[in-house]
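To keep things clear, I will list the structure first and then write my remarks on it.
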Amino acid sequence: MWRALARSSGRPCSPSLRAWKSTKKTLKSRATHPLFESPPHPELPPPSHEHFPLYQPGEPIRGRIVRIATAFAAGFSIYFFLEDPNVIRPLLPPPKVSPSQYVPTRLASTETSGPDTKLLKIVAPPHLRHLKSADDASIWSVYIKDDDIQVERAYTPLNGVDDNGDMLFWIKKYPKGEVGRWLHSKSAGERIEVRGPLTTWSWKEDLWDEVVMISGGTGVTPFVQLFNNVISKSPSSKTRFTLLHSSRILAELPPPVIIEPMVEFASQNPDKFRLHIFVDESDGSNAHVPNESINTGRISEASIKQCLHGSEEQPKSWWAKSSSTISSQEETKSRIMFLVCGPEPMIDAIAGPYGRNLSQGTVAGILGKMGYQSNEVYKL
Ligand SMILES: Cc1cc2nc3c(=O)[nH]c(=O)nc-3n(C[C@H](O)[C@H](O)[C@H](O)COP(=O)(O)OP(=O)(O)OC[C@H]3O[C@@H](n4cnc5c(N)ncnc54)[C@H](O)[C@@H]3O)c2cc1C
């Protein structure tokens with residue numbers, strides 16, 4: 001389409017070529033007149049500089065020849081370069097598409113990844129493709145529309161947009177859920193409509209000493225995107241990250257494409273990223289997660305305390321604590337952010353329920369009991 005636009009707007013009806021042709025014709029006819037010594041012939045229209053830019057009255061003939069030759073070369077190159085489809089021209093920027101506008105695309109592939117989950121690859125529409133550069137490293141998602149009943153749900157591409165221009169999703173199907181079931185019924189090649197991007201949470205470099213992500217089930221997907229686009233790409237960042245993820249059983253854990261890069265990065269960068277997996281009950285071994293990373297039972301206050309990066313630091317002695325002023329306590333207090341994403345009962349237990357109209361609500365649950373405030377907790 002861009003090509004077609006470029007062609008229709010710049011074909012060789014180029015003004016310079018036309019000007020050159022008419023200049024040549026006019027000069028030829030004027031050569032029979034004593035053009036350079038006497039005023040123009042009365043039958044000829046007076047040469048207008050505005051309409052006839054190559055004609056400059058009183059200009060020496062060599063100057064004219066140079067101007068004409070330049071115009072000819074420009075017209076010639078425009079003509080031939082625009083005609084040649086193999087010539088690489090800079091792409092026009094894609095038109096702005098509003099995040100509220102649905103754009104058709106297609107499902108590239110689909111793969112079962114657990115009892116109720118699939119990995120779906122969707123071709124990113126052109127206006128989303130720049131998001132692979134991760135210039136804005138915020139966590140983002142897109143809405144996918146169920147065409148049959150016209151309802152939409154948000155889903156998080158695990159890598160943003162990959163180098164092939166695709167978005168990979170890990171999507172759960174609920175027994176009575178609408179869009180998840182509809183997406184699971186789709187085959188590669190089928191048409192899907194998406195809109196976005198929508199910012200889920202804004203990451204800011206060096207704003208926090210520690211970011212603790214707590215997820216359940218497919219609620220891990222925003223954190224996978226943060227891991228792929230920020231954590232694993234900026235090992236020199238001063239922020240330390242911890243992911244506490246829970247699934248009901250081992251078979252429901254995120255698939256290897258999600259978990260393996262995290263396990264590897266955590267083992268190589270223990271001061272930067274920690275991974276703790278929780279399952280409600282153990283049902284045997286899981287090949288892609290080392291046993292020492294797996295805890296049986298739910299995420300509790302004790303497990304959160306244990307997993308924090310500062311947990312191994314020695315507590316201050318009573319006199320050291322009492323001699324500190326309030327302001328110095330504030331200065332040394334670590335800037336922590338808890339991000340929580342998962343099924344609503346889990347969010348309630350960890351951080352308290354959402355407020356009205358999906359507002360954040362007050363911090364309650366385990367984090368509220370631990371004394372964390374609303375500026376330290378965000379429910380995705
Ligand atoms: C920013 C964001 C990003 C997200 N990213 C992802 C992601 O990457 N992957 C992912 O899998 N999910 C993601 N989600 C969740 C997703 O948007 C949907 O909420 C989820 O897929 C369920 O939608 P659904 O239409 O399939 O189910 P819904 O129809 O919304 O149903 C949800 C639940 O309600 C139950 N239910 C439905 N109808 C009834 C009824 N009549 N009575 C009782 N119970 C009922 C269903 O059984 C199910 O348990 C994200 C959500 C947000 C907000």
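The values are calculated or read from the model by the stated rules, or taken from the named source; none is laboratory data. All figures in this text were calculated on a predicted structure; none of them were measured in a lab. Cβ atoms come from the backbone with ideal geometry, glycine included; neighbour counts cover every protein chain shown. Note: accessible area is taken over every heavy atom of the protein model, side chains too, but ligands, DNA and RNA are not part of it. Shrake-Rupley method; radii C 1.70, N 1.55, O 1.52, S 1.80 Å.
Return only the number of the condition from (1) more than 8 Å from the ligand (Cβ to nearest atom); (2) surrounded by fewer than 20 Cβ atoms within 10 Å (Cβ to Cβ) that ILE214 does not satisfy.
(2)
For LEU119, all conditions in the list (1) open to solvent by 60 Å² or more (accessible area, probe 1.4 Å); (2) within 14 Å of the ligand (Cβ to nearest atom); (3) not in a loop (DSSP other than H, G, I, E, B) hold save one; what is the number of the exception?
(1)
Could you check region 217-235 and list, in sequence order, the residues that are away from the ligand (no atom under 14 Å from the Cβ), within 15 Å of the chain's Cα centre (by Cα) and among the polar types (S, T, N, Q)?
Scanning region 217-235 gives a single hit, ASN229.
Name the residues in region 122-161 that are of a type in the set (Lys, Arg) and within 15 Å of the ligand (Cβ to nearest atom), would you? First the steps, then the outcome.
If we filter region 122-161 for residues that are of a type in the set (Lys, Arg), which is where we start, we get 129, 132, 145, 153.
Residues satisfying the conditions are LYS145, ARG153.
For region 235-246, indicate whether the set of residues that are in a helix (DSSP H, G or I) and open to solvent by less than 30 Å² (accessible area, probe 1.4 Å) is non-empty.
Narrowing region 235-246 to residues in a helix (DSSP H, G or I): none.
There is no residue in region 235-246 that is in a helix (DSSP H, G or I) and open to solvent by less than 30 Å² (accessible area, probe 1.4 Å).
Kindly provide the set of residues from region 166-211 that are charged (D, E, K, R) and within 16 Å of the ligand (Cβ to nearest atom), ordered by number.
Initial filter on region 166-211 (charged (D, E, K, R)): 166, 172-173, 176, 178, 181, 186, 190-191, 193, 195, 204-206, 209-210.
The answer is ASP166, LYS172, LYS173, LYS176, GLU178, ARG181, LYS186, GLU193, ARG195.
Tell me, please, whether a residue that is assigned to a helix (DSSP H, G or I), touching a residue at least 12 places away in the same chain (Cβ under 8 Å) and surrounded by fewer than 17 Cβ atoms within 10 Å (Cβ to Cβ) can be found in region 196-205.
Restricting attention to region 196-205, the residues satisfying the condition of being assigned to a helix (DSSP H, G or I) are none.
Looking for residues that are assigned to a helix (DSSP H, G or I), touching a residue at least 12 places away in the same chain (Cβ under 8 Å) and surrounded by fewer than 17 Cβ atoms within 10 Å (Cβ to Cβ), one finds none in region 196-205, hence no.
Go over the candidates GLU252, GLU260 one by one and state the one that is in the same structural domain as GLY297 (by TED's automatic domain parsing), within 16 Å of the ligand (Cβ to nearest atom) and among the acidic types (Asp, Glu). Steps first, please.
Values: GLU260 fails: within 16 Å of the ligand (Cβ to nearest atom).
One residue alone meets the criteria, GLU252.
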